[in-house]
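The values are calculated or read from the model by the stated rules, or taken from the named source; none is laboratory data. Being a predicted model, the structure only gives us computed values, none of them experimental. With ideal geometry, Cβ positions are generated from the backbone for all residues, glycine too; neighbour counts draw on all protein chains shown.
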Ligand SMILES: Cc1ncc(C[n+]2csc(CCOP(=O)(O)OP(=O)(O)O)c2C)c(N)n1
């Protein structure tokens, strides 16, 4: 499905060989970090993690269209690949999975990534508000909000689509339809089978794309950004992909699907697929792939060392960060806490 | 201790009689975890009441993320136990309609923090429909909420919403503290004609204990879990086990503590509170929720009202702080620990009239 008018400008320009190689390097870095994070959880380095195996093309491709000098991204809890692509500090990002601080330790304003969010669809309306602020300020930033096929069931998503359309807010609604919401398959979650199809009812142009084809994702997202940036209002992209493996490190997918079903549903590995394409087009060779993997491994090691070195936050922050202006009751509780915990 | 708190309802609701244990002659006791006890209770509720239906996110095939509904869909069918789309307002709103149609909905909210998107339906609809319809549209809804913290979970996966729920007219609130309580309180709650918020302490799901399947005693009111003479610790849910630990430790110093499991957070068993504190003359309320406007204030006031003359010290509270529920690394600082409870006890024991 493609109801987005053809866009002009840089959105239409084809990706250069250097950009294609960069996309591959990003995908390898994300894949390696993602699988490592699951291992960290098994090793007790982090208490939990939400894997994104198989969603690398959707995440890297969409994140690649973001201009961090003016745009803003509103993630949920599974957008590590987007975070990595737009250059967020990954130790600070992973700290949320280490249970150090809800939302992570990165600076949202500087990195252009809102705090990690556990409430599904929790940030979708925020994106609309931020985007409308751009309109009010006469700026050209675009908000991109991420949510899943499951989250599309939330009332907030429908309110956000309506608000954005009515206000012509520059928002890209990026849906990763990964086939599952924990144990519930898309057909039991999304009536009509397509989130993109719903956009028509709100007068919003939509694209339903192959979310496992990183180039297709970059192109679609760039078109959507160009459309929104030009003042034409929101766009919805539904990237069709597949969540391989468990929903989270505490999930057991064997209870709701078989390995055969997983293999059939997942299709070709997006990373392998892109690699074959780069090889066939002569854009990259084995030496490049090996180099990209080595870089990914080095990076993962650095991040792991970083989060292992990360201590707990001082308990005082629990009290200090509740308000800009604290209250007497909270100060009393903090003093009491300090006294009792020091005494012990 | 009062047995009459919820009295009168059994007359309105025929399924209670069917579900109630007949006699205590041959007590059958089994060791099980709270997860198993809850699962068994739901299984029996479904078997006893053809109008009972269970639904929510992932509670069908997966059996819920905590496996509380494990195997129930396979056994009772997809009409009785089913997955809904991922929308809490939808789940609770749908419960209203099902109740109007004569069903007994037993919805699940996957984690406490995700009750918030449904608050509108819970407060404005479920809690008021009986009143609004002048009693013609009762809302026999048992909302199961995995509650409280202690498992180093992500944000919104550990919250203490009891004061919020208890404050809403038209809702009843209960929380079990061990497998035996879980089994009997859920069976009872799920046969009530009024909406009951059933707060399951998720940090206790895997703790095992004896369940007396034949006789649970009275399912209403509070329950003394440990007798003592010097001070009453009032707690509910996960904090009961911690208070029992504290009582053991204090006993080594010759302090004899009574532990009262409040169980029903609404209606609160004021008579049981009074009876215990009249005996011990001192009380400390322990809860995980933030201090300000927490349920501890309500409990303290009820005690003050009935025991003002006998109290040896003001009622103390040991609670969470007025901060958003923190990340795993700071959770132990937030949840009342043994030391903080002991400090609370000390403050009461050493209180001198000024
Ligand atoms: C409001 C809310 N309800 C319930 C949950 C628990 N939960 C976490 S993820 C999830 C499934 C989400 O599915 P989807 O939106 O498709 O995203 P995916 O996890 O597949 O990326 C559920 C039910 C939640 N986080 N937020």
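Observations on the model:
- Members of the range A:102-113 that are within 14 Å of chain B (Cβ to nearest Cβ) and surrounded by fewer than 24 Cβ atoms within 10 Å (Cβ to Cβ): A:102, A:103, A:105
- The range A:233-260, residues that are more than 18 Å from the chain's Cα centre (by Cα), closer than 23 Å to residue A:49 by Cβ and within 14 Å of another protein chain (Cβ to nearest Cβ): A:250, A:251, A:252, A:253, A:254, A:255, A:256, A:257
- Checklist (1) closer than 18 Å to residue A:165 by Cα; (2) surrounded by fewer than 17 Cβ atoms within 10 Å (Cβ to Cβ); (3) at pLDDT 95 or above applied to residue A:133, failing item: (3)
- Those residues of the range A:98-114 which are part of a loop (DSSP other than H, G, I, E, B) and either more than 19 Å from residue A:247 (Cα to Cα) or within 16 Å of the ligand (Cβ to nearest atom) (or both), in sequence order: A:100, A:101, A:102, A:103, A:104, A:105, A:106, A:107, A:112, A:114
- Hey, residue B:56 closer than 19 Å to residue B:145 by Cα, in contact with a strand residue (DSSP E or B) (Cβ under 8 Å, 6 or more places away or on another chain) and more than 9 Å from chain A (Cβ to nearest Cβ) or not: yes
- Within the range A:136-150, the set of residues being more than 17 Å from residue A:115 (Cβ to Cβ) and buried (at least 19 other Cβ atoms within 10 Å of the Cβ) comprises A:141, A:142, A:148, A:149, A:150.
- Against the list (1) within 14 Å of another protein chain (Cβ to nearest Cβ); (2) part of a helix (DSSP H, G or I); (3) within 16 Å of the ligand (Cβ to nearest atom), the condition residue A:117 fails is (2).
- Qualifying residue in the range B:245-252 (condition: within 22 Å of residue B:37 (Cα to Cα), in contact with a strand residue (DSSP E or B) (Cβ under 8 Å, 6 or more places away or on another chain) and modelled with pLDDT of 95 or more): no
- Count of residues meeting criterion [part of a helix (DSSP H, G or I), surrounded by fewer than 20 Cβ atoms within 10 Å (Cβ to Cβ) and away from every other protein chain (no Cβ under 12 Å)] in the range B:303-339: 3
- When A:317, A:301, A:339, A:325 are checked against the criterion of being facing another protein chain (nearest Cβ under 10 Å) and surrounded by fewer than 13 Cβ atoms within 10 Å (Cβ to Cβ), A:339 stands alone in meeting it.
- Within the range A:258-276, the set of residues being surrounded by 14 or more Cβ atoms within 10 Å (Cβ to Cβ) and without any contact (Cβ under 8 Å) to a residue 24 or more places away in the chain comprises A:262 only.
- Filter result (assigned to a helix (DSSP H, G or I) and under 25 Å from the mean Cα position of the chain (by Cα)) within the range A:302-332: A:302, A:303, A:304, A:305, A:306, A:307, A:308
- Residue within the range A:136-153 that is away from chain B (no Cβ under 14 Å), touching a residue at least 24 places away in the same chain (Cβ under 8 Å) and within 11 Å of the ligand (Cβ to nearest atom) present: yes
- Restricting A:132, A:126 to residues that are within 15 Å of the ligand (Cβ to nearest atom), in a helix (DSSP H, G or I), away from chain B (no Cβ under 14 Å) and in contact (Cβ under 8 Å) with a residue 12 or more places away in the chain narrows the list to A:126.
- In the range A:180-210, of all residues being more than 11 Å from the ligand (Cβ to nearest atom) and either modelled with pLDDT under 95 or within 14 Å of chain B (Cβ to nearest Cβ) (or both), the one that is surrounded by the fewest Cβ atoms within 10 Å (Cβ to Cβ) corresponds to A:192.
- Tally, over the range A:155-179, of residues that are near the ligand (Cβ under 10 Å from one of its atoms), under 26 Å from residue A:53 (Cα atoms) and in contact with a helix residue (DSSP H, G or I) (Cβ under 7 Å, 6 or more places away or on another chain): 5
- Verdict on residue B:119 being within 16 Å of the ligand (Cβ to nearest atom) and either over 16 Å from residue B:195 (Cβ atoms) or in a loop (DSSP other than H, G, I, E, B) (or both): no
- Among the residues of this structure, residue A:96 counts as one that is within 11 Å of chain B (Cβ to nearest Cβ), closer than 16 Å to residue A:48 by Cβ and crowded, with 24+ Cβ neighbours inside 10 Å.
- Index of the failed condition, residue B:342 passing every other in (1) touching a residue at least 12 places away in the same chain (Cβ under 8 Å); (2) more than 14 Å from every other protein chain (Cβ to nearest Cβ): (2)
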